[in-house]
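Asker: Provided herewith is a single structure, encoded as structure tokens, for subsequent inquiry.
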Amino acid sequence: MRIILIGAPGSGKGTQAENIKQKYPIAHISTGDILRANVKAGTELGKNAKEYMESGKLVPDEVIIAMVKSRLQEPDCKDGFLLDGFPRTKTQAEALDLILKKLGILLDAVVQLDVDDETVIRRLTTRRVCKSCGEIYNVLFKPARIEGICDKCGGEVIQRNDDIESVIRNRLTVFHEQTAPLIDYYQSKDLLISVDAAGGKDVVLKLLEKMKDVGK
Ligand code: ADP
Ligand code: ZN
């Protein structure tokens with residue numbers, strides 16, 4: 001199973017991916033997670049990416065493309081992968097086509113998580129995340145039992161520094177301008193499936209289970 005998840009920030013790509021991963025042994029490739037890990041570790045890549053991320057801008061295409069290219073060649077991608085947060089621009093999509101062609105791999109589907117901007121702003125301004133294990137909380141719907149402390153691992157629960165309203169609005173603008181055109185791009189390749197992001201944490205998993213080639 002080789003799929004791409006496309007959706008605005010806050011559409012729940014990561015949550016859907018978590019659900020899919022529990023059922024299918026495929027590599028979950030989140031470019032946002034890889035970048036955040038690099039920022040945390042203080043690598044050269046992380047130092048370069050930090051400012052873009054904090055202002056809600058995209059990290060330059062060539063950096064991201066090189067990162068994904070090497071990631072796709074790691075052994076755990078042999079049985080399939082789920083790309084979360086990549087591609088995000090037409091240039092990235094075209095580069096991915098080329099990478100996959102060279103590797104002799106075909107995509108099964110591109111799943112678009114449909115959500116409106118106001119829902120995104122509501123979700124992300126109230127989102128919190130564990131600094132240590134990545135568990136997601138929400139101050140309204142799923143608060144940590146003890147404020148600021150992760151139920152799962154005891155780590156510190158914080159607000160991502162790109163989850164403040166002005167930055168969220170930038171991320172949404174970037175999404176509409178640069179990433180939304182990919183919906184047409186994949187539609188024309190007959191790969192696109194749209195689902196309502198409000199359909200539950202496992203809408204994508206359910207959809208994949210219905211597709212015939214799933215698990216291969
Ligand atoms: P979200 O989808 O909620 O905005 P991500 O965790 O996917 O969050 O990404 C966080 C940030 O990382 C983005 O705002 C951007 O700066 C950077 N980033 C992630 N993926 C890409 C990508 N494919 N191309 C460029 N920048 C990216
Ligand atoms: Zn935790």
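The values are calculated or read from the model by the stated rules, or taken from the named source; none is laboratory data. Keep in mind the model is a prediction, meaning the values are calculated, not measured. Note that each Cβ is placed from the backbone with ideal geometry, even for glycine, and that neighbours are counted across all protein chains shown.
Asker: Pairs, please: C-beta under 6 Å, at least 6 apart or cross-chain, first residue over 15 Å from residue 60 (Cα atoms) and free of Cβ contacts under 8 Å to residues at least 40 places away in the same chain and in the range 92-103, second of a type in the set (D, E, K, R) and assigned to a helix (DSSP H, G or I)?
Answerer: From the range 92-103, the pairs are 99/69.
Asker: When you look at residue 86, is it at pLDDT 95 or above, in contact with a strand residue (DSSP E or B) (Cβ under 6 Å, 6 or more places away or on another chain) and of a type in the set (A, V, I, L, M, F, W, C), yes or no? Full working, then the answer.
Answerer: On the way: at pLDDT 95 or above: yes; in contact with a strand residue (DSSP E or B) (Cβ under 6 Å, 6 or more places away or on another chain): no; of a type in the set (A, V, I, L, M, F, W, C): yes.
No: the conditions fail for residue 86.
Asker: Where residues in the range 16-31 are outside any strand (DSSP E or B) and either under 17 Å from residue 132 (Cβ atoms) or among the hydrophobic types (A, V, I, L, M, F, W, C) (or both), which of them is farthest from ligand 2 (Cβ to nearest atom)?
Answerer: 26
Asker: Just to be sure I understand the filter: pairs with C-beta atoms under 8 Å, separated by 6 or more residues or on different chains, first member in the range 66-90 and farther than 22 Å from residue 25 by Cβ, second member at pLDDT 95 or above and part of a loop (DSSP other than H, G, I, E, B). Which pairs pass?
Answerer: 88/58; 89/58
Here's the yes/no breakdown for (1) farther than 19 Å from residue 36 by Cα; (2) away from ligand 2 (no atom under 16 Å from the Cβ); (3) of a type outside the set (Lys, Arg):
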position	(1), (2), (3)
87	no, yes, yes
104	yes, yes, yes
115	yes, yes, yes
145	yes, no, no
152	yes, no, no
156	no, no, yes
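Asker: Can I ask one more? Name the strands (runs of 3 or more DSSP E) wholly inside the range 83-166 in which the number of residues that are touching a helix residue (DSSP H, G or I) at 6+ places or on another chain (Cβ under 8 Å) is 3 or more.
Answerer: Working: elements: 109-114, 127-130, 136-138.
Counting at least 3 such residues, we get 109-114.
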